[in-house]
1. Return only the number of the condition from (1) within 27 Å of A212 (Cβ to Cβ); (2) of a type in the set (D, E, K, R); (3) modelled with pLDDT of 95 or more that K68 does not satisfy.
2. For L194, state whether it is closer than 15 Å to Y4 by Cβ and free of Cβ contacts under 8 Å to residues at least 40 places away in the same chain.
3. What's the number of the only condition in (1) crowded, with 17+ Cβ neighbours inside 10 Å; (2) in contact (Cβ under 8 Å) with a residue 60 or more places away in the chain that A75 fails to meet?
4. Look at the stretch 65-93 and say how many of its residues are at negative phi, in a loop (DSSP other than H, G, I, E, B) and within 16 Å of the chain's Cα centre (by Cα).
5. Does A103 fit the bill of being of a type in the set (G, A, S), within 15 Å of G8 (Cβ to Cβ) and either assigned to a helix (DSSP H, G or I) or modelled with pLDDT of 95 or more (or both)?
6. Looking for whichever is out of contact with any Asp or Glu (no Cβ under 9 Å at 6 or more places or on another chain), within 21 Å of Q62 (Cβ to Cβ) and modelled with pLDDT of 60 or more here; the options are R205, R178, R219, R184. Which one fits?
7. Could you tell me how many of the residues in the stretch 189-201 are outside any loop (DSSP other than H, G, I, E, B), out of contact with any Leu (no Cβ under 7 Å at 6 or more places or on another chain) and either farther than 11 Å from V109 by Cβ or of a type in the set (G, A, S) (or both)?
Amino acid sequence: MRRYILTGAPGGGKATIAYALAQRGYPVIGEAATDVVAREQERGVEEPWREPGFVDAVIRLQQQRQQKAPLDGGAMQVYDRSPICTLALARYLELPVTRELRAEVNRVVQSAIYQPMVFFVQRQADIESTSDGEVDPADPVTVATPASPANPVGSATPVGPVGSATPVSPVGSADVKRFEELHRAAYETCGYELVDVPPGAISDRVDLIDEALQADDVRYSEEAWNF
């Protein structure tokens, strides 16, 4: 199974791209941090990312989804973020890199759980004009369906323009650039190759990823026949 990561800063359109890829038939594994934030806010915790154990809760859900993702849906899967994103988030929030986070990052890197090619969704040009803590109101966001016995992996479910039910993000618009830079640094340090997905029409951005995935699929097929 080849697992590809889709990442980027909030407000760049990543969730919309993930949904569009799912519409094209790619198995897409939903973002874990969004679920953890939404779950804790439903319990009355206004800013879950300030609570002890937040990072480890995200890591556990990411690991659970990766390990329980069905293997019969084709040769590849697309993951909306990964433990490397959680490492970058911990650094952004100035939280300690816990033993559990360090162990999971080491596991996915050393075991090559994810493909070295990572799709990095760049920010839309007007991200700076959005209000603090929110994404572009014109950009639909994704809220991942929480895992359950009937659905152990969860799924990316698009919801329309941002409304009051949207979980508040730990990343304010003023800090999006720094958050993006921390993500780039984390992935590059871990040896991943970032493929930039520039701003533009959703169809063009999805086409770029689709074509790259198909080209990678052809490459793997050719290598399999040339043993």
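1. (3)
2. Working: closer than 15 Å to Y4 by Cβ: yes; free of Cβ contacts under 8 Å to residues at least 40 places away in the same chain: no.
Answer is no for this residue.
3. (1) is the only condition that A75 fails.
4. The first filter runs over the stretch 65-93 and keeps only residues at negative phi, leaving 65-73, 75-80, 82-93.
Checking the rest, the ones that are also in a loop (DSSP other than H, G, I, E, B) come to 69-73, 75, 82, 93.
Okay, now just the ones that are also within 16 Å of the chain's Cα centre (by Cα), so 69, 82.
The qualifying residues number 2.
5. On the way: of a type in the set (G, A, S): yes; within 15 Å of G8 (Cβ to Cβ): no; either assigned to a helix (DSSP H, G or I) or modelled with pLDDT of 95 or more (or both): yes.
Here the answer is no, as A103 does not meet what is asked.
6. Every option except R184 fails the conditions.
7. Here is the first cut: in the stretch 189-201, the residues outside any loop (DSSP other than H, G, I, E, B) are 189, 193-197.
Adding the requirement that they be out of contact with any Leu (no Cβ under 7 Å at 6 or more places or on another chain) leaves 189, 193-196.
When the remaining residues are screened for being either farther than 11 Å from V109 by Cβ or of a type in the set (G, A, S) (or both), the result is 193-196.
Result for the stretch 189-201: 4.
Table: residues versus (1) in contact with a strand residue (DSSP E or B) (Cβ under 6 Å, 6 or more places away or on another chain); (2) without any contact (Cβ under 8 Å) to a residue 24 or more places away in the chain; (3) surrounded by 15 or more Cβ atoms within 10 Å (Cβ to Cβ).
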{"position": "C85", "(1), (2), (3)": "yes, no, yes"}
{"position": "E100", "(1), (2), (3)": "no, no, yes"}
{"position": "A103", "(1), (2), (3)": "no, yes, no"}
{"position": "V109", "(1), (2), (3)": "no, no, yes"}
{"position": "Q115", "(1), (2), (3)": "yes, no, yes"}
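The values are calculated or read from the model by the stated rules, or taken from the named source; none is laboratory data. All values reported here derive from a predicted model rather than from experimental measurement. Counting neighbours? That spans all protein chains shown, and the Cβs are built from the backbone with ideal geometry, glycine included.
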